[in-house]
Amino acid sequence: VSLPFVDPRSRCSLMTDRVSVLRTIRIFYPHVTGPANQAYWISKYLAENDVDSLVVTTHRQGFDAPAEQSMEGFHVRRIDESIGVMAYRHVVEPAPIVEATPDLYHIHCYRDRLCSLAADAATRRGIPFVVQPHGALAMYRHILDGWRQWPYRVFDRFRFTREVSAADRVVVATAQEAQEAIECGVDEARVEIIPVGADPIDFGSRVAPGSKGSVRALFVGRISPNRNVEQILKALGKLRDQLESAGFQLDLVGPAESTSSVQDADSYLTMLKSLTERLGLTRFVSFRGPLFNQDLRNVYRNADLFLYTSRYENFGQTVLEAAACGCPVIATPTGVASDLVEDDRTGYLVPHGDVDALAERIRGVIDRPSRLTGFSNAILAEVTQRYRWSTVAGMYSDLYRQMLH
């Protein structure tokens with residue numbers, strides 16, 4: 001490894017309180033996903049907590065990124081991958097993982113080759129390691145059925161003990177995910193709950209929701225069958241006569257990209273667009289595709305209401321991002337929504353698949369948009385108190401040092 005992070009062997013003799021972490025994650029910037037976003041911000045803020053991170057990731061087709069890159073306080077090494085099954089692909093150059101000797105390994109995600117390499121290297125060298133599955137342990141049980149589950153079950157039969165059960169800590173984001181990890185066979189004493197972070201200041205100032213005389217709703221996330229976006233469209237179909245007078249507009253932001261390799265996201269997006277036409281909603285619904293950086297911040301800033309009807313989330317990062325912008329949330333009770341959303345205070349929770357319940361809640365804010373301002377203030381206060389990245393990074397720093405002493 002030619003990055004200034006190290007050769008770790010040359011720094012082991014130094015008298016320092018700094019901790020070196022080798023962080024593996026198959027998908028990283030410039031390709032943006034929830035786990036990639038978390039790994040980025042964790043690494044950035046941990047640099048301020050005397051933790052040096054080397055992120056080892058893979059090249060993604062269609063993204064021109066350097067093999068080695070210094071970012072904000074940490075370093076990135078991208079290695080090539082070739083053929084494989086689903087996310088488990090052969091790594092062409094495993095040396096950055098198997099030859100390094102950091103103080104500890106932090107493995108993001110599960111059921112990919114980088115995870116296997118890092119877990120085996122840590123075990124062989126006697127180096128502590130953390131696994132952060134980002135919902136991968138149990139998600140397939142909620143979004144897939146029948147034969148589609150078998151690749152995950154077969155993999156777990158051979159690798160779960162070596163990669164997850166053997167980890168010194170398994171980091172999860174919510175109490176829901178912690179319970180799932182225990183049910184999957186993780187020792188409860190090794191489960192550590194650390195939420196995803198979000199800084200309200202990242203999104204800047206905005207017009208108070210409900211004060212514009214219209215309602216602009218927003219969904220952000222991968223457009224995949226698990227997200228159950230049709231529940232939103234069907235609810236709006238019941239309110240079509242009220243939408244125009246309310247100046248209602250829904251922005252659907254995100255790529256057609258599955259949460260599982262055995263789901264067809266493109267056909268799902270096509271179905272949603274056809275459903276939008278059949279329900280007569282084309283004037284009120286915009287499919288915006290993926291947005292990044294300032295463009296994404298702008299849609300959050302301009303939204304009055306965030307709608308999220310996913311069947312399952314281990315966390316649901318875009319729900320937190322919306323809340324960090326002071327955007328009230330109507331969501332199904334999964335992931336962080338269950339922790340953040342309190343009925344009639346920060347938004348509403350609605351049952352999975354209950355179109356009528358969702359339509360009723362949307363109708364309520366259309367009829368009285370002024371209530372959105374109170375929801376906005378309350379949900380922003382929750383984020384400020386519990387989810388700032390500086391607070392979250394401190395939790396990781398404490399965890400690492402506990403593991404090393």
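Out of ASP145, ASP168, I need the residue that is under 30 Å from SER338 (Cα atoms) and touching a Phe, Trp or Tyr at 6+ places or on another chain (Cβ under 8 Å). Which one? Can you show your working first?
Values: ASP145 fails: touching a Phe, Trp or Tyr at 6+ places or on another chain (Cβ under 8 Å).
Answer to the selection: ASP168.
Could you check, for region 209-232, whether at least one of its residues is part of a helix (DSSP H, G or I), of a type outside the set (Asp, Glu) and without any contact (Cβ under 8 Å) to a residue 40 or more places away in the chain? Write out each step before concluding.
From region 209-232, those part of a helix (DSSP H, G or I) are 225-227, 229-232; that's our starting set.
Narrowing further to those that are of a type outside the set (Asp, Glu): 225-227, 229, 231-232.
Subset that is without any contact (Cβ under 8 Å) to a residue 40 or more places away in the chain: none.
Within region 209-232, not a single residue is part of a helix (DSSP H, G or I), of a type outside the set (Asp, Glu) and without any contact (Cβ under 8 Å) to a residue 40 or more places away in the chain.
For every residue, the table says whether it meets (1) under 26 Å from HIS142 (Cβ atoms); (2) open to solvent by less than 10 Å² (accessible area, probe 1.4 Å); (3) in contact with a strand residue (DSSP E or B) (Cβ under 6 Å, 6 or more places away or on another chain); (4) not charged (D, E, K, R).
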{"site": "CYS325", "(1), (2), (3), (4)": "no, yes, no, yes"}
{"site": "ALA337", "(1), (2), (3), (4)": "yes, yes, yes, yes"}
{"site": "ARG345", "(1), (2), (3), (4)": "no, no, no, no"}
{"site": "ALA359", "(1), (2), (3), (4)": "yes, yes, no, yes"}
{"site": "GLY374", "(1), (2), (3), (4)": "no, no, no, yes"}
{"site": "TRP389", "(1), (2), (3), (4)": "no, yes, no, yes"}
{"site": "MET395", "(1), (2), (3), (4)": "no, no, no, yes"}
Report summary line: Only unsatisfied item for ALA235, checking (1) open to solvent by less than 10 Å² (accessible area, probe 1.4 Å); (2) of a type in the set (Gly, Ala, Ser); (3) assigned to a loop (DSSP other than H, G, I, E, B), is (3)
Query raised in the report: For residues in region 31-45 being small (Gly, Ala, Ser) and surrounded by fewer than 24 Cβ atoms within 10 Å (Cβ to Cβ), which is modelled with the highest pLDDT?
Result: ALA36
Report summary line: Among (1) of a type outside the set (S, T, N, Q); (2) closer than 19 Å to GLN38 by Cβ; (3) open to solvent by 10 Å² or more (accessible area, probe 1.4 Å), LEU117 falls short only on (2)
Report task. Can you give me the number of residues within region 46-77 that are among the aromatic types (Phe, Trp, Tyr) and surrounded by 23 or more Cβ atoms within 10 Å (Cβ to Cβ)? Result -> 1
Requested in this report: Might you check whether a residue that is surrounded by 12 or more Cβ atoms within 10 Å (Cβ to Cβ) and within 16 Å of ILE27 (Cα to Cα) occurs anywhere in region 147-162?
Outcome: no
**Report entry** In region 338-358, the residues that are closer than 12 Å to VAL383 by Cα, of a type outside the set (D, E, K, R) and touching a Ser or Thr at 6+ places or on another chain (Cβ under 9 Å)
**Finding:** LEU340, THR346
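Just give me the residues in region 312-330 being within 15 Å of the chain's Cα centre (by Cα) and not acidic (Asp, Glu), in sequence order.
So in region 312-330, the residues within 15 Å of the chain's Cα centre (by Cα) come out as 312-324.
Within region 312-330, TYR312, ASN314, PHE315, GLY316, GLN317, THR318, VAL319, LEU320, ALA322, ALA323, ALA324 meet the criteria.
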Query raised in the report: How many residues does region 145-200 hold that are touching a Ser or Thr at 6+ places or on another chain (Cβ under 6 Å) and part of a strand (DSSP E or B)?
Result: 0
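If only one of ARG401, ARG368, ARG386 is at pLDDT below 95, closer than 30 Å to SER43 by Cα and of a type in the set (Lys, Arg), which one is it?
On the way: ARG401 fails: at pLDDT below 95; ARG368 fails: closer than 30 Å to SER43 by Cα.
Result: ARG386 is the single residue among ARG401, ARG368, ARG386 that is at pLDDT below 95, closer than 30 Å to SER43 by Cα and of a type in the set (Lys, Arg).
The values are calculated or read from the model by the stated rules, or taken from the named source; none is laboratory data. Please read these numbers as outputs of a predicted model, since none were measured by experiment. As a convention, Cβ positions derive from the backbone with ideal geometry for all residues, glycine included, and neighbour counts pool all protein chains shown. Protein only, heavy atoms only, side chains kept; ligands, DNA and RNA dropped before computing areas. Shrake-Rupley method; radii C 1.70, N 1.55, O 1.52, S 1.80 Å.
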